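These notes concern the structure reproduced below.
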Amino acid sequence: MIKVLLRLTSARIAIGALLAIALITVFGPVLAPYDPLQGSDLTLAGPSAQHWLGTDYTGRDVLSRILAGAPLSILSTLEVTGIALVLGTVPGILSVYLGSVFEWVSLRLIDTLVALPFLVFAVAMTALLGNGITQAMIAVGLLVAPLFYRVARAATLTVARSQYVEAAVLAGASTGWIVRRHVWAKVLPPIAITLATTLGVGLVVISSLTFLGIGVQPPAPTWGGILASDLDYLPQKAYAPIFPAVIILVTVLAFNMLADAIRDAAGQSGRALVGAKAARANRARRVAA
Amino acid sequence: MATLTGPDLRRIRTRRLAVSVGKPLAVFVPVFLLGTFFTFLLGHLSGRSPAYIQLGDAATPEAVAAVEHEWGLDRPFLVQYVDWLGDILRFDLGESWFNGHSVAAVLLDRAVITLSAAGVALVIGVVAGFALGALAARFHATWVDRAVTGFTTTISVLPPFVVGIALVAVFAVSLDLLPAAGYVPLEAGLGPWLSHLILPALALSFDTVADVARQLRDGLVSARRENYVTGAVVRGLDPRRIFFVHVLRNGVGPALAVLGLKFPALLGGAVVTEAIFGLSGYGVFATQAAIRGDVPAVQGVLVVSVVLVVVFNLVVNIVLNRLSPAAARGV
Amino acid sequence: MSQAPAVESGPAPAPATDAHPDDVLVLDGVRIHDDLSDTELVHGVSLRLRRGGVVGIVGESGSGKSLTCRAVLGILPDLIEVSGGSITLLGRDTATLTRRDWTALRGASIGAVFQDPASYLNPSITVGRQLQEVLRVRGGLSREDAHRRAVELFDAVHLREPEQVYRQYVHELSGGMLQRVLIAIAISLDPEILIADEATTALDATVQAEILDLLAELTERLGLALVLVSHDLAVVAQLCDEVLVLRDGHVVEQGPTGRILHDPQEEYTRLLVAEHEQYGLERYLTPEPSHV
């Protein structure tokens, strides 16, 4: 399936963009030309040779702040997604095997989490439990976990009740073989899609929280925080939000493109899209003959 | 199959009705209880206390204990919870630790503002989402389908606060077409009311538009592949009728279901859009209260959110069950 | 291993130009091609159906019998087309029909029932309303008249308590009842032809027999021409005047039912008959001395 994936152009673009973002995350602070915390007299300047993206309201270099903000934003997103993955997938798979009480209770818990308006609860949880980024990540991870729960549960249900697994067991196949051959193939793709989608969602939520000033200690740079200060000075510099917005958007878009590409590669629509063109060519040839 | 007489049929119909309303209720009552419990637990775990807010520097241990006793905070956890829950069911959301005002009264005013924005966003989401989804399904697997899907994917990843800032920058600051901030009540006229709400609503709606469009398209495409469409075709029904009466009715399910899921997101998104557009809705209130450590206020907001979502989902589920009774038989 | 092309015994199907006024359906060398895999799926099927006649098409899964039915109804799947030969439906060449022509023909001139009746009805609307819809929209009846006529039709297909069935949903009815509903819908506009594609396959044995009896009764009473498609020779033997045996898209053998059953010329046909004799086909064979 990975081979099919890499053949899709959308996947290649997404992976390329994500590799670039990864590089920025790792090397960002080192690559920053100026100290992101260092102000200067040159406030709200436009892009120039010395400051490629201009400066902000205290004269700090915007490019440096964006590069320095990458690790916090991206790593938080990764941690949020990781927490959601564990908190969601494990109960999801277990809900199929641990009996109806566990199933009912976990289903109602998940329904509740889904019903809670995201940001309101994230804000509440983060602020009330001590305004740190760790609290924010746990809160958001918890609120995003239902996505993984539902996907893992649905996929496991399909496999557990499928006839080909039953047939394999009857034919004497070992559990390991069944897991490798059938379970992985059915459960992994939906989880992978959800993972990619959640990375996108997580980044948006983290950016929103830092935008509101929750979970971050100023003056540490974060992409959301940069957007917030740009908003205050919009009349003076209306185009300023473009820079942090673009990098957030590109990253989120890349995550979602990857998710869609995995979905196409794992499913049928990819084959249908490829097949229809070939079919039209065959028909043309036949009619002309 | 046993033959059915009149009274039997009537009994079956009432049972059908009860199931289509009762099943959603049975799911949402536990959700409401769990949601409120979670909210209360959160407040309790925060370890915040009105004492520090009210006393400030004069917070000696005795003074703190006295204040906390006054507020009933030294009672066992479960007692407090049951007491609080009882108040909730009587629409009493407690008093703010910050200024002693009734939380319920404050929230009522602010909720109107938030719900107005969310409401307009919902309408945009449904109208635009249905239009795009139906368009993509009608021209399935052609460039129109691909264009619409690409468009919806793009707008779905645009976070509300980014879109909001962009809209303010373009329409309010640069072009000066629409107000950048503030709220005007409906009584002052539809025009002003809408002009203040259209930008925040638009910013909130993108995610909903994209999801509704995607779900409707998928639902319609898969409904069209079903055998009952073939059945309708061989009966000599025309394509228009088949689409509106048969395909749409069965294909709209996932799109309606996703509306129920999106509503929490709309309410949550309000938190940032209100910050951007200067609307004094309850999202902003939540942020301020949370930063101040005003636990009852925050709890009030959370409970209201839970109730709003539960009620909305209830309505959506009942509508779904009436439209597609077959779905009521499933999970 | 592909078979040799059709060996026609008995009266060979005359070319389309020799049309008989009583012909309701003529297939002449129909070929069906799949553009996706670029292969031909049906290699020249010919048959001639007269008013009130009953023709059977027998074959295993994948023999092309369902595709042939769909071609006659104009509902071949995407990327699959009639690539050769002609289909003449009530004197009209189907290749010349527009979408609107097809819609007009379906229901009023030709009806169909399929396997798995439950899936061919809308699960969200009562079955009665679905029959009423056809009568209103195509038959021009008022709501009340359509309702009444629908109940009459349900009664004609021997549904007990037709008024109650009218108000049931698909998931509340058994397979046999649903197939009767579909038959009622299929004949509601008085078509000349009815196609039954594996109509009894998913049903219990006793119900199968009842449905076949119903089809026989309708054929006789309404002068309906019937195309009965099945993988089961016994089903076909009960009702049909003429039988086509299909295998891998080829017509292996074709002719009057009696001759096919008693004196099959092809190896494959002999196999089918022999198989069925094990399961009691003799009841359908006339008491003639036969050495198979």
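Quick look at the values:
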| item | result |
| --- | --- |
| Failed criterion for C:N122 (all others in (1) part of a loop (DSSP other than H, G, I, E, B); (2) more than 12 Å from every other protein chain (Cβ to nearest Cβ); (3) not small (G, A, S) hold) | (2) |
| Residue list for region B:274-287, restricted to those being more than 8 Å from chain A (Cβ to nearest Cβ) and within 15 Å of B:A111 (Cβ to Cβ) | B:E274, B:L279, B:S280, B:G281, B:Y282, B:V284, B:F285 |
| Filtered residues of region C:231-252 (kept if surrounded by fewer than 21 Cβ atoms within 10 Å (Cβ to Cβ) and either under 13 Å from the mean Cα position of the chain (by Cα) or under 18 Å from C:G111 (Cβ atoms) (or both)) | C:H231, C:L239 |
| Test: residue in region A:128-136 that is part of a helix (DSSP H, G or I), closer than 30 Å to B:G293 by Cβ and without any contact (Cβ under 8 Å) to a residue 24 or more places away in the chain | yes |
| Residue identified as crowded, with 18+ Cβ neighbours inside 10 Å and closer than 22 Å to C:G258 by Cβ among C:L194, C:L228 | C:L228 |
| Answer residue from region B:228-241, given it is under 22 Å from C:R180 (Cα atoms) and more than 7 Å from chain C (Cβ to nearest Cβ) and is surrounded by the most Cβ atoms within 10 Å (Cβ to Cβ) among those | B:A232 |
| Close pairs (7 angstrom Cβ cut-off, 6 or more residues apart or separate chains): at positive phi in region C:231-252, in a loop (DSSP other than H, G, I, E, B) and surrounded by fewer than 21 Cβ atoms within 10 Å (Cβ to Cβ) anywhere | C:D248/C:S2; C:D248/C:Q3 |
| Whichever residue in region B:78-112 is of a type in the set (G, A, S) and in contact with an Asp or Glu (Cβ under 8 Å, 6 or more places away or on another chain) and, among such residues, is surrounded by the fewest Cβ atoms within 10 Å (Cβ to Cβ) | B:S102 |
| Tabulated pairs, region C:103-116, first within 7 Å of another protein chain (Cβ to nearest Cβ), second of a type outside the set (A, V, I, L, M) and surrounded by 24 or more Cβ atoms within 10 Å (Cβ to Cβ), C-beta under 7 angstrom, 6+ apart or interchain | C:R106/B:R235; C:G107/B:R235 |
| Entirely in region B:266-331, the helices (runs of 4 or more DSSP H) that have 3 or more residues that are modelled with pLDDT of 80 or more | B:282-292, B:295-323 |
| Hits in region C:179-191 (condition: surrounded by fewer than 22 Cβ atoms within 10 Å (Cβ to Cβ) and more than 8 Å from chain B (Cβ to nearest Cβ)) | C:I187, C:D190 |
| Members of region C:34-83 found to be within 26 Å of C:G107 (Cα to Cα), away from every other protein chain (no Cβ under 14 Å) and hydroxyl-bearing (S, T, Y), listed by number | C:S46, C:T68 |
| Scope region A:9-32; condition in contact with an Asp or Glu (Cβ under 9 Å, 6 or more places away or on another chain) and either loosely packed, with under 12 Cβ neighbours inside 10 Å or modelled with pLDDT under 75 (or both); matching residues | none |
| Subset of region B:151-178 (residues that are part of a helix (DSSP H, G or I), more than 10 Å from chain A (Cβ to nearest Cβ) and either free of Cβ contacts under 8 Å to residues at least 40 places away in the same chain or crowded, with 20+ Cβ neighbours inside 10 Å (or both)) | B:F151, B:T152, B:L167, B:F171 |
| Selection count, region A:97-127, where residues are part of a helix (DSSP H, G or I), within 7 Å of chain B (Cβ to nearest Cβ) and in contact with a Gly (Cβ under 7 Å, 6 or more places away or on another chain) | 5 |
| Residue within region B:123-133 that is surrounded by 14 or more Cβ atoms within 10 Å (Cβ to Cβ) and touching a Pro at 6+ places or on another chain (Cβ under 9 Å) present | no |
| Where B:T5 falls short, out of the listed (1) surrounded by 15 or more Cβ atoms within 10 Å (Cβ to Cβ); (2) at pLDDT below 80 | (1) |
| Matching residues, region A:214-243, being under 26 Å from A:G132 (Cβ atoms), surrounded by fewer than 19 Cβ atoms within 10 Å (Cβ to Cβ), touching a helix residue (DSSP H, G or I) at 6+ places or on another chain (Cβ under 9 Å) and of a type outside the set (S, T, N, Q) | A:P218, A:P219, A:A220, A:L231 |
| Index of the failed condition, C:G140 passing every other in (1) at pLDDT 90 or above; (2) more than 11 Å from every other protein chain (Cβ to nearest Cβ); (3) in contact with a strand residue (DSSP E or B) (Cβ under 9 Å, 6 or more places away or on another chain); (4) surrounded by fewer than 21 Cβ atoms within 10 Å (Cβ to Cβ) | (3) |
| Qualifying residue in region B:17-30 (condition: within 25 Å of B:E95 (Cβ to Cβ), assigned to a helix (DSSP H, G or I), at pLDDT 75 or above and within 10 Å of chain A (Cβ to nearest Cβ)) | no |
| In region C:147-169, the residues that are more than 24 Å from the chain's Cα centre (by Cα) and either closer than 19 Å to B:F244 by Cβ or among the charged types (D, E, K, R) (or both) | C:R148, C:R149, C:R160, C:E161, C:E163, C:R167 |
| Any hit, region B:33-46, residues being modelled with pLDDT under 75 and more than 14 Å from chain A (Cβ to nearest Cβ) | no |
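The values are calculated or read from the model by the stated rules, or taken from the named source; none is laboratory data. Note that the structure is a prediction, hence the values are computed from the model and not measured. As a convention, Cβ positions derive from the backbone with ideal geometry for all residues, glycine included, and neighbour counts pool all protein chains shown.
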